[in-house]
Amino acid sequence: MAENLFLEDYITLGVYFCIVLAVGLWSTFRPNKGNAKGYFLAGKNMHWIPIGASIYASNIGAPMFIGLAGTAAGSGIAVTIYEWHAVFFIILLGWVFLPVYVACGAYTIPEWVKKRFGGRRLRMYVSFLALLGYILFNVSGEIYTGAIFLQQMLEWNIYLCVSIILGVTAVYTTVGGLASVIYTDTLQAVVLIIGATILFFLSIIEVGGYDAMETKFMNAMSNETRYNRSHYSCGVPPADSLRMYRDAVTGDIPWPGAILGLSTLGLYTWDQDQIIVQRTLSARNMVHAKAGTLLGAVLKLTGFLLFVIPGMISRILYTEEVACSDPDKCMAFCNNKSGCTNIAYPLMVLRLLPKGLRGLMLAALLAALMSSLTSILNSASSIMTLDIWHQFRKKASQSELMIVGRVTVLVLIALSILWLPILQQTQGGRFWFYMQSVKSYLIPPLCMMFLLGLFWNRTTEQGVFWGLMLSTIVGVVRMALDFTFLAPPCGSNEVDTRPEIISKVDFLHFAIILALISTIVMVVISLFTQPRPEKKLHRLTWWTRNDEAEPELTDNEDEEVHTSFIKRGEDPKTMQIQENDQTNGNEKTGFERLKTSFKNWVCGIDEDAKQTLTAQELQELRRRMTSLEESSKMKIILNVSAIFITILTIVLLVYFA
């Protein structure tokens, strides 16, 4: 592209990255990082503002800038439903799901699954499926969309760009843990909002206001489309571009799928996914956890202004490129025969922002990319360490668990870089729909497992396991067909040979079907199998979250790293939170002490954390970690705020319906 960054832009970029590294490394010297609770739950002492900012920033990654804005450029405002729909589920997280997770003292979502249903296979299955999802639509999505933007902005070698970003991300994620992730998320959320807000105002002024944008968008089509509509009909803005809810059969986001199918994706993404839930679990108490979810919900309402509107304006200002309909010309513009809507936002940044601000906006986009990657990597590290490794190494020391977490991050970084060639070959006209369709084929069964497990005590492990197995097979078959039979590019004159199950059944509708199949199988098998005793369900369901008694779990079912010894009946006079490895008592040389200090810093082991705690102190620690207490005044304020935000979101949805 002709546009380039200037010296002012590079200075802005350099200053930004120095600040991010400083914040990330600063958090490594904060207390409460020398053990699993500190590393994976940020010491469980987080304030509501960084929690809410982290919830927002960890979800608003490069796919939002590329995917959300690109889809808006292609078909209008309907994609906003993904953002505003999320508001309800973020609030549900604070008021419905989180109290159960906190009450049972779970570090990770698979840990709750193990406690709720028992057995090992279900927890392992959920853990591996979560890691698979990170590869298919989390890490891969971030890298692919980040690659699109960097190629447009810098014209650098993509492997060099992404390797540098992933390397910087890995440093403060690996060394700092969740505290590092949340603090840098807060910084990056501020940068992202400032940069995107500036671009919104500049773009809306450039186009002449909102009313002018609506009129101009409906006429924004390339010359090929304008003079040959019958041949390039897919290049014409949809007639329902300015409507939120669209036809159930012909709409690209059909209204039944937007209401029901999207609900299964939203429930999992916001209420059951480790990436989001882990932030709220780090709150110092329920008041801060709920307030954090409300802040995250409010910030999600801004997606319409920050991403959707600029995406639509980009089509108006740069019609020939963003709205191209001829496959050959699209290939020349963006190396993608299917269309160039994915470059809508990068073009706005390059051509509309003045010097210096381009660098700021690139910083915001890189902030979003790195924020999401840090969230994914830290959550994957938690799952691998606490849900998979600990299954095979039940007596693993604190240092071993910390090292496994760090190695997991580094392995995922390496796999992400190796994944780049595959991503470059898997280009679609609208990346957003690719990402959501993959989720629709895998996530609905998990969503139903959580709902049944949380609200129906009769749900059994056998019912859930075989329901997941059957529905996963069905979803994988549909996904394989989707990738095998591709829709012909716009204007290519190719015949659509896709089976009707692909061409006629939208992926959001398929999510509804998959959810029904999994629910039926889980309910039927649960009714014919032995349910878990009530004594094993204390604090593990919505109905038992306030129980005083702990669940009577067997040693095999209760594998918490931090308090397992309390429930196994051990009652020593004193206990030490320290590593199993002991020194031989010999005096160390200065070099050996330096080497030990460096090892402890890299592995996250805090010598001061090896403090002696009595059994009573450990029980008090457990009580505080699982407390659902709220002051009556704050409870009223939070409830009123949640109701107001919910009503406001409903009003917005109805207005644009």
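The values are calculated or read from the model by the stated rules, or taken from the named source; none is laboratory data. As the structure is a prediction and not an experimental result, all values here were calculated from the model. Neighbour counts run over all protein chains shown; Cβ positions are idealised from the backbone, glycine included. Ligands, DNA and RNA are excluded from the accessible area calculation, which covers all protein heavy atoms including side chains. Shrake-Rupley method; radii C 1.70, N 1.55, O 1.52, S 1.80 Å.
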Residues with beta-carbon under 12 Å from that of Pro488, excluding Pro488: net charge, scoring Lys, Arg +1 and Asp, Glu -1? 0
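Would you rank Trp543, Trp270, Trp255 by solvent-accessible area, highest first, keeping every protein chain in place and using a 1.4 Å probe? Each step should come with its number before you reach the end.
Working: Trp543 155, Trp270 15, Trp255 125 Å².
Result of the area sort, largest leading: Trp543, Trp255, Trp270.
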If you count only protein heavy atoms and use a 1.4 Å probe, how large is the accessible surface of Arg351, to the nearest 10 Å²? 80
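How many Å² of accessible area per residue for region 305-354, probe 1.4 Å? Intermediate values should be presented prior to the final figure.
Working: 1410 Å² over 50 residues.
Per residue, region 305-354 has 28 Å² of solvent-accessible surface.
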Report in % the part of the accessible area of region 185-330 that belongs to carbon and sulfur, leaving out ligands and nucleic acids; probe 1.4 Å. 61
For Met46, other-chain or 5+-apart residues with amide H closer than 5 Å (H placed, Pro excluded) are Ala283, Arg284
For region 441-510, the accessible surface attributable to carbon and sulfur atoms (probe 1.4 angstrom, ligands and nucleic acids excluded) amounts in percent to 66
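Taking the solvent-accessible surface of protein heavy atoms with a 1.4 Å probe, what is the per residue accessible area of region 461-515 in Å²?
Values: 2790 Å² over 55 residues.
Spelled out: the 1.4 Å probe surface of region 461-515, per residue, equals 51 Å².
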Under a 1.4 Å probe, counting only protein heavy atoms, Arg358 has an accessible area in Å², nearest 10, of 30
How high is the relative contact order of region 461-521, given as a whole-number percent (alpha carbon pairs under 8 Å, six or more residues apart)? 52
Would region 187-270 count as rounded, prolate or oblate if I go by the C-alpha gyration tensor, calling it rounded below 1.5 in a/c and otherwise prolate when a/b exceeds b/c, oblate otherwise? oblate
Keeping all protein chains in the complex and leaving out DNA, RNA and ligands, what accessible area do you get for Ser632 with a 1.4 Å probe, in Å² to the nearest 10? 90
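So for Thr269, Thr459, Thr497, what's the accessible-area order with a 1.4 Å probe, most first? Please list the in-between numbers first.
Working: Thr269 20, Thr459 0, Thr497 100 Å².
So the residues, ranked largest to smallest area, are Thr497, Thr269, Thr459.
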Residue order for Cys340, Cys234 - accessible surface, 1.4 angstrom probe, largest first: Cys234, Cys340
Contact order relative to length of region 265-395, as percent, for alpha carbon pairs under 8 angstrom and 6 or more apart: 17
